[in-house]
Amino acid sequence: MELKILKQEETPENVIEHSKAVYKKAMVIAANFKNADKDLIKKGALLHDIGRSKTHGINHAVEGAKIVKQYGYPEEVQNIVERHIGAGITEEESVKLGLPKKSYIPQTIEEKIVAHADNLLSGTKDVDIDFDIAKWKRKIDKPEENIKRLIELDNELIKAFEDD
């Protein structure tokens, strides 16, 4: 169903392939969390970049949330789509970036899993946290807070299970 919607919205093929890779990566991460809603993660992961059918700017997350709402997806899926950018964006950062003023920090385990699965891929290729840190340093002025959130998210979702 989600792939059909991506095609119906004329999402670029490379974005669809990326979304499939994010779904697979998210399922690997989700396997470590018994209480994570796998169906919600699947829908959110596959649809997280649907807004790229309209724009490739940072506001693709906001646009994507509007699109999935039009298709009748519940607020939980809308939130995954809207909050998947990096390790989240604070209300203060949202204003600077020209987004509607609100917090875009992932809250639920499902939101965090999809956001981080997205962080760990460049297109369909696996990348590590250092790749993302370097990307943030190139993209934004004063990335310290973003990098801190990224490392905290990585520690919460990945590192805890690597140490076992």
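The values are calculated or read from the model by the stated rules, or taken from the named source; none is laboratory data. Keep in mind the model is a prediction, meaning the values are calculated, not measured. Every residue, glycine as well, gets a Cβ built from its backbone with ideal geometry; the counts of neighbours run over all protein chains shown. Each accessible area value is taken on the protein alone, full model and side chains, heavy atoms only, with ligands, DNA and RNA left out. Shrake-Rupley method; radii C 1.70, N 1.55, O 1.52, S 1.80 Å.
The table below gives the values:
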| item | result |
| --- | --- |
| Selection count where residues are open to solvent by less than 50 Å² (accessible area, probe 1.4 Å) and farther than 16 Å from G86 by Cβ, scope the stretch 46-64 | 5 |
| Residues within the stretch 127-145 that are among the hydrophobic types (A, V, I, L, M, F, W, C) and not in a helix (DSSP H, G or I), tallied | 2 |
| Residues located in the stretch 46-59, provided they are under 12 Å from the mean Cα position of the chain (by Cα) and outside any helix (DSSP H, G or I) | H48, D49, I58 |
| Positions within the stretch 120-151 being open to solvent by less than 60 Å² (accessible area, probe 1.4 Å) and among the basic types (K, R), in sequence order | K135, R149 |
| Test: residue in the stretch 86-100 that is modelled with pLDDT under 95, at positive phi, more than 15 Å from the chain's Cα centre (by Cα) and not aliphatic (A, V, I, L, M) | yes |
| N79 vs. criteria under 20 Å from K20 (Cα atoms), polar (S, T, N, Q) and under 17 Å from the mean Cα position of the chain (by Cα) | yes |
| One residue from I5, I41 being under 12 Å from the mean Cα position of the chain (by Cα), touching a residue at least 60 places away in the same chain (Cβ under 8 Å) and over 19 Å from G123 (Cβ atoms) | I41 |
| Enumeration of residues in the stretch 2-15 that are part of a helix (DSSP H, G or I) and either of a type in the set (K, R) or on the phi > 0 side of the Ramachandran plot (or both) | K4, K7 |
| Any pair with Cβ under 9 angstrom, 6 or more apart, that starts in the stretch 25-37 at a residue that is of a type in the set (S, T, Y) and ends at one that is open to solvent by 40 Å² or more (accessible area, probe 1.4 Å) | none |
| Residues located in the stretch 16-45, provided they are assigned to a helix (DSSP H, G or I) and either modelled with pLDDT under 95 or open to solvent by less than 10 Å² (accessible area, probe 1.4 Å) (or both) | I16, S19, V22, A26, I29, A30, I41, G44, A45 |
| Single residue of E82, E75 found to be surrounded by fewer than 19 Cβ atoms within 10 Å (Cβ to Cβ), closer than 27 Å to I158 by Cα and without any contact (Cβ under 8 Å) to a residue 24 or more places away in the chain | E75 |
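Let's see how each residue does on (1) without any contact (Cβ under 8 Å) to a residue 12 or more places away in the chain; (2) exposed (fewer than 15 other Cβ atoms within 10 Å of the Cβ); (3) of a type in the set (D, E):
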{"residue": "S103", "(1), (2), (3)": "no, yes, no"}
{"residue": "E111", "(1), (2), (3)": "no, no, yes"}
{"residue": "A115", "(1), (2), (3)": "no, no, no"}
{"residue": "I158", "(1), (2), (3)": "no, no, no"}
